[in-house]
1. Taking region 181-217 only, how many residues are aliphatic (A, V, I, L, M), touching a residue at least 24 places away in the same chain (Cβ under 8 Å) and either assigned to a loop (DSSP other than H, G, I, E, B) or within 18 Å of Leu126 (Cβ to Cβ) (or both)?
2. For Leu229, indicate whether it is under 30 Å from Val160 (Cα atoms) and not hydroxyl-bearing (Ser, Thr, Tyr).
3. Is there any pair linking a residue in region 103-122 that is under 13 Å from Ala91 (Cα atoms) to one that is hydroxyl-bearing (Ser, Thr, Tyr) and part of a helix (DSSP H, G or I), with Cβ under 7 Å and at least six apart or on different chains, and which?
4. Of the residues that make up region 169-178, is at least one among the hydrophobic types (A, V, I, L, M, F, W, C), surrounded by fewer than 24 Cβ atoms within 10 Å (Cβ to Cβ) and either in a helix (DSSP H, G or I) or in contact (Cβ under 8 Å) with a residue 60 or more places away in the chain (or both)?
5. Looking at region 177-235 only, could you name the residues that are on the phi > 0 side of the Ramachandran plot and of a type in the set (S, T, N, Q)?
6. Considering only region 7-23, I want to know if a residue exists there that is within 14 Å of the chain's Cα centre (by Cα), surrounded by 14 or more Cβ atoms within 10 Å (Cβ to Cβ) and at pLDDT 90 or above.
7. What's the number of the condition Ser128 fails, among (1) free of Cβ contacts under 8 Å to residues at least 12 places away in the same chain; (2) more than 17 Å from the chain's Cα centre (by Cα)?
Amino acid sequence: MKAGPAQNQAAGRDQLVSHAGAAIRQGSKSFAAASRLFDRTTRERAWLLYAWCRRCDDLIDQQDHGRKRTGAIDPAVPVATIRQRTAQGLAGDATGDPAFDGFGLVARECGISSAMAEDVIGGFALDSAGWCPRTEADLMRYCFHVAGSVGVMMALVMGVSPDDGETLDRACDLGLAFQLANIARDLLEDHAMQRCYLPAEWLAEADIPPGEAMKPHYRAQLLPVVARLCTLQADYEAASRSGTARLPFRCRWAVLSATGIYGAIARGVEQAGAQAWDRRIATTDGEKTRHVLRAGWQALINRQPAASAPAALIGRHTLMAMARTPA
């Protein structure tokens, strides 16, 4: 018997989900662990979103799941390719790339807009152009591009209404916290790619010349700069937690698990001091399990929204306006 359109569509979705699941298992053990706590539909949609982000990042860096360089980088080509394939995916046109086809699928299912996608792509464009932040505001603008905006998308994936601005604000805060943790952990890797996400003004205050932050003789001066970054990460992490009570239980559990895991990475960097970049800071499987169990308890008892984020933090709408203004 010949398969009907509905069966073919379901089979196509299953293939895209299978590809996305493989991408997250290879690219991020932390997100993969947290995503298992979602219900099946939310989990699959989270995988599809992750696979698009991972594929875009790999195109910019010419890597395979963030690890292996696959060729020389032509700065203009990857961004143009990302924009073209993303537009095709959003339009429902086949791209020949399951990551972009899957993104189009999850965007249609969850109401992710082309403007939201462009917020993320704008961060990849900054990387491709060799951009580095001058001020803390520049740093947060970049973090919004590559992570805060993804947090907003993830909230939609979890069923948050586009009109629920408070929860979207907190989802953005969580994305910012994740990215700040990544920056603290990956300073040496980014330096090897001639990138630095520490604001130039911070480095100047520490008497660290441009491009010299990872030199051994500047390590002592670097530590207060990284501590400042980790304090900022902790502030956004704390702000993000106030929005989890508005999520369904399983989503709340998954988000709190990921929050604990990534927060531990930032704290691990700060605690390691001058040895923080001698090896890649990561959480063990046992530590991940403890964070998941702790988050389950927190999800059970944390059912009332807490106060809004401190006014000192840069809010989502301010960051969105900054992100959509040419650098």
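The values are calculated or read from the model by the stated rules, or taken from the named source; none is laboratory data. Every value quoted in this text rests on a predicted model; they were computed, and no experiment measured them. Using ideal geometry, Cβ is built from the backbone for each residue, glycine included, and neighbour counts are taken over all protein chains shown.
1. Within region 181-217, the first condition is being aliphatic (A, V, I, L, M), and the residues that meet it are 181, 183-184, 187-188, 192-193, 198, 200, 203-204, 206, 208, 213-214.
From the residues that got through so far, the ones that are touching a residue at least 24 places away in the same chain (Cβ under 8 Å) too are 181, 183-184, 187-188, 193, 198, 200, 213-214.
If we keep only those that are either assigned to a loop (DSSP other than H, G, I, E, B) or within 18 Å of Leu126 (Cβ to Cβ) (or both) too, we end up with 183, 187, 193, 198, 200, 213-214.
The total comes to 7.
2. Criteria met by Leu229.
3. That search, which allows pairs on different chains as well, returns Phe103/Thr86; Ala117/Thr86.
4. Among the residues of region 169-178, not one is among the hydrophobic types (A, V, I, L, M, F, W, C), surrounded by fewer than 24 Cβ atoms within 10 Å (Cβ to Cβ) and either in a helix (DSSP H, G or I) or in contact (Cβ under 8 Å) with a residue 60 or more places away in the chain (or both), which makes the answer no.
5. Kept after step one, since they are on the phi > 0 side of the Ramachandran plot, are these residues of region 177-235: 194, 207, 211.
Once the filter is applied, which keeps residues that are on the phi > 0 side of the Ramachandran plot and of a type in the set (S, T, N, Q), region 177-235 yields only Gln194.
6. No, the conditions are met nowhere in region 7-23.
7. Of everything listed in (1) free of Cβ contacts under 8 Å to residues at least 12 places away in the same chain; (2) more than 17 Å from the chain's Cα centre (by Cα), Ser128 misses just condition (1).
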